[in-house]
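Structure first, then comments.
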Amino acid sequence: NPASLVQIMLHLGEMVTATQSVNEETLQLLGAELDYDIQVVSPEEEDRELLEAFDIEFGEDEGDEADLAARPPVVTVMGHVDHGKTKLLDAIRKTNVVAREAGGITQHIGAYQVSTTHEGEERKVTFIDTPGHEAFTAMRARGAKSTDIAVLVVAADDGVKPQTIEALNHAQAAEVPVVVAVNKVDKEGADPNKVRAQLTEYGLVAEEYGGSTLFVDISAKNGTGIENLLEAILLTADAELDLRANPSMGAQGIAIEAHLDKGRGPVATVLVQRGTLRVGDSIVCGEAFGRVRAMLDDTGEAVEEATPSYPVRVMGLTAVPGAGDNFIVVTDDRMARQIAEQRAARKRSADMAKSSRRRTLEELFSDLEKGRVDELKLIIKGDVSGSVEALEDALLKIDVGDEVRLRVLHRAVGAITEYDVNLAVADDNAVIIGFNVRPEPRARDLAEREGVDIRYYSVIYQAIEEIEAALKGMLKPEF
Ligand code: GDP
């Protein structure tokens, strides 16, 4: 029955509901588990092949060392709700007003660029103007890498909160270095050092504590500390990243935001990642194509060309692309149209294939009627005994009725070891819960080989919520 399927999926590390359609990766896992052969080609792979047929490589060959020039870092601001992300993005933009030509009216186009003096040099920084990690994650899910550095905003009067950790997890999963902006230091009760102490538990150790993460105290409201934050971003970029791109090739990048303008038609904000985009270029962007008719920067000023890390609003596309779609300058309009049309055709057939695959999934239900699973077995590993116990208690208190049971096979303090993984394998694939702990490398490899599900949490209620939802078969899809 569907509940058993959901259970098997949970064992496989996928949180799904019984009625939800699942992605291809999930189907593969399920297929393997049930001895079905499921062939899947990733959409990214398919697109790469499509472009190759036109002799285009997206994001790969940038030419020789000598062709590469430094480019500004692209930054996303993340953090818990109400900790000041929006205010900070406004404050950063404001610090730069003087540097702009008078009369330039700022436009929210999804990204903006500011300049600052760093070690005697004028440097630029690009900010994605959509706060929060949702956009970041959505783009990443489409295979687009939009961000070089994440600014994690934490309010000093409130401290680390669930979404702070969530945002941090997303940044770390994307291997994006983090700079911490400790905000609202103007407020009474603000305790910036507490934020530093709290974040050490999550692997972000401030430089002044002997770590390598830069923490900057700011007040987005009063506009203090903004220059220091820009400085920290550039220091981090220079220390940890090699941000260079070839400005003299056909431009490539991603769409950050797009909409249909009544007067102008489709308008897309694109971030140039390599090459130089020029008015008159033929471009393809997702399933949209066209000739760049005009470009505007974030002050609303018309520009003729855009170099790497420069966000511009592009007019002239035939349709509205999706956020995270890649854009590529091609030799002529005809090629742009062909690529766009092939992509659209491919998407149609993918949609059709999806609905037919769902039938296959339904077939699987009957195989599962036997009720393979009626018990969810857990192995809990945590960083301190208090949290392991608290988590176990809370999990065992979940009321899931008679149909399914929850059983804790083993609990202990410390990293996830091979022993834990073997235990999970031996006991018909128990799920391992890692609370603020990671697996040892060999344990991780073994888990991968054996298909053991290890789930990581840093917030107790999150663990409870997910397990409870899994048991009740009411899970929302995961990213
Ligand atoms: P977001 O949800 O993270 O985008 O948070 P907002 O930028 O909307 O800010 C949430 C609230 O905190 C607003 O009322 C802001 O005015 C306030 N706020 C933001 N930064 C500061 C700050 O540095 N000091 C003080 N006192 N309030 C701030």
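The values are calculated or read from the model by the stated rules, or taken from the named source; none is laboratory data. Just so it is clear, the model here is predicted, and its values are computed rather than measured. Note: ideal-geometry Cβ built from the backbone for every residue, glycine included; neighbour counts use all protein chains shown.
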> Restricting region 41-85 to residues that are over 25 Å from ALA336 (Cβ atoms) and surrounded by fewer than 19 Cβ atoms within 10 Å (Cβ to Cβ), which is nearest to the chain's Cα centre (by Cα)?
Replying inline: VAL81
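Being part of a helix (DSSP H, G or I), among the basic types (Lys, Arg), within 30 Å of LEU204 (Cα to Cα) and modelled with pLDDT of 85 or more is true for just one of ARG442, ARG455. Which residue is that?
Working: ARG455 fails: part of a helix (DSSP H, G or I).
ARG442 is the lone residue from the list that is part of a helix (DSSP H, G or I), among the basic types (Lys, Arg), within 30 Å of LEU204 (Cα to Cα) and modelled with pLDDT of 85 or more.
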> Residues of region 276-302 being at pLDDT below 95 and surrounded by fewer than 23 Cβ atoms within 10 Å (Cβ to Cβ), which ones?
Replying inline: GLU287, LEU296, ASP297, THR299, GLY300, GLU301, ALA302
> Say we look at region 416-439 and pick out the residues that are of a type outside the set (A, V, I, L, M) and part of a helix (DSSP H, G or I); which of these is surrounded by the fewest Cβ atoms within 10 Å (Cβ to Cβ)?
Replying inline: TYR419
> So ALA171 clears everything in (1) buried (at least 16 other Cβ atoms within 10 Å of the Cβ); (2) within 16 Å of the ligand (Cβ to nearest atom); (3) assigned to a loop (DSSP other than H, G, I, E, B) except one condition, right? Which one?
Replying inline: (3)
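Scan region 193-248 for residues that are part of a strand (DSSP E or B) and within 16 Å of the ligand (Cβ to nearest atom) and jot them down.
Residues of region 193-248 that are part of a strand (DSSP E or B), as a first pass: 206, 213, 215-217, 219, 224, 244-245.
Correct list: PHE215, VAL216, ASP217, SER219, THR224.
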> Restricting attention to region 72-90, which residues are in a loop (DSSP other than H, G, I, E, B), within 25 Å of THR117 (Cβ to Cβ) and within 6 Å of the ligand (Cβ to nearest atom)?
Replying inline: GLY84
>> Filter region 44-56 down to the residues that are of a type outside the set (A, V, I, L, M, F, W, C) and either modelled with pLDDT under 85 or not in a loop (DSSP other than H, G, I, E, B) (or both) and list them by number.
In response: GLU44, GLU45, GLU46, ASP47, ARG48, GLU49, GLU52
>> What are the pairs with Cβ atoms under 7 angstrom where one residue, in region 79-90, is aliphatic (A, V, I, L, M) and the other, located anywhere, is more than 7 Å from the ligand (Cβ to nearest atom) and not in a loop (DSSP other than H, G, I, E, B)? Sequence gap at least six, or different chains.
In response: VAL81/GLN163; LEU88/VAL77; LEU88/ALA181; LEU89/VAL77; LEU89/PHE127
